[in-house]
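**Q** Just dropping this structure here.
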Amino acid sequence: MEQRLVQRVEAFLRESDMPPTVFGRAAIGDPRLVSDLRAGRETGIRVTCRVEHFMNKWRADFHTGRVARYVRRRRRSTDAAQVDTAPRVSA
């Protein structure tokens, strides 16, 4: 039985460690693609082919060493970003 596109995309996301929004933007320029697929969006043949092509190209590039698994950038912690706003007491 043929897997649905959303199932193939979910497997790819696990394989590549790529966030859904990054995948959608890179594959077809739509950061909401994966969330829409999860909600039941049906795609046409052109979108399906573009998504499949992106996944196949990424896998080929990964196996030849041209790309690596996605590495999430660390965000600044909220503690480090906060500025000390307490009034200073002079003695």
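**Q** So which of Ala80, Ala68, Ala91 ends up being exposed (fewer than 10 other Cβ atoms within 10 Å of the Cβ), in a loop (DSSP other than H, G, I, E, B) and either of a type outside the set (D, E, K, R) or modelled with pLDDT under 95 (or both)? So that I can check it myself, show each step before the final result.
**A** Values: Ala80 fails: in a loop (DSSP other than H, G, I, E, B); Ala68 fails: exposed (fewer than 10 other Cβ atoms within 10 Å of the Cβ).
On inspection, the qualifying residue turns out to be Ala91.
Per-residue answers, yes or no, for (1) within 17 Å of Val71 (Cα to Cα); (2) in contact with a Leu (Cβ under 7 Å, 6 or more places away or on another chain); (3) not in a helix (DSSP H, G or I):
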site: Gln3; (1), (2), (3): no, no, yes
site: Val22; (1), (2), (3): yes, no, no
site: Asp30; (1), (2), (3): no, no, yes
site: Asn56; (1), (2), (3): no, no, no
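**Q** Follow-up. Given the options Arg32, Arg59, Arg46, Arg75, name the one that is touching a helix residue (DSSP H, G or I) at 6+ places or on another chain (Cβ under 7 Å) and either open to solvent by 50 Å² or more (accessible area, probe 1.4 Å) or modelled with pLDDT of 95 or more (or both).
**A** Details: Arg59 fails: touching a helix residue (DSSP H, G or I) at 6+ places or on another chain (Cβ under 7 Å); Arg46 fails: touching a helix residue (DSSP H, G or I) at 6+ places or on another chain (Cβ under 7 Å); Arg75 fails: touching a helix residue (DSSP H, G or I) at 6+ places or on another chain (Cβ under 7 Å).
Going through Arg32, Arg59, Arg46, Arg75 in turn, the sole match is Arg32.
**Q** Restricting to segment 14-29, what's the tally of residues that are closer than 20 Å to His63 by Cβ and either surrounded by 17 or more Cβ atoms within 10 Å (Cβ to Cβ) or over 8 Å from the mean Cα position of the chain (by Cα) (or both)?
**A** Of the residues in segment 14-29, 7 are closer than 20 Å to His63 by Cβ and either surrounded by 17 or more Cβ atoms within 10 Å (Cβ to Cβ) or over 8 Å from the mean Cα position of the chain (by Cα) (or both).
**Q** Another question, if that's okay. Taking segment 1-13 only, how many residues are among the β-branched types (Val, Ile, Thr) and farther than 16 Å from Trp58 by Cβ?
**A** We begin by selecting, within segment 1-13, every residue among the β-branched types (Val, Ile, Thr); these are 6, 9.
Now restrict to residues that are farther than 16 Å from Trp58 by Cβ: 6.
Residues flagged as among the β-branched types (Val, Ile, Thr) and farther than 16 Å from Trp58 by Cβ within segment 1-13 amount to 1.
The values are calculated or read from the model by the stated rules, or taken from the named source; none is laboratory data. Everything numeric here is computed off the predicted structure, so don't read it as measured data. All Cβ positions, glycine included, derive from the backbone under ideal geometry; neighbour counts span all protein chains shown. When the accessible area is computed, the model is the full protein with side chains, heavy atoms only, and any ligands, DNA or RNA have been set aside. Shrake-Rupley method; radii C 1.70, N 1.55, O 1.52, S 1.80 Å.
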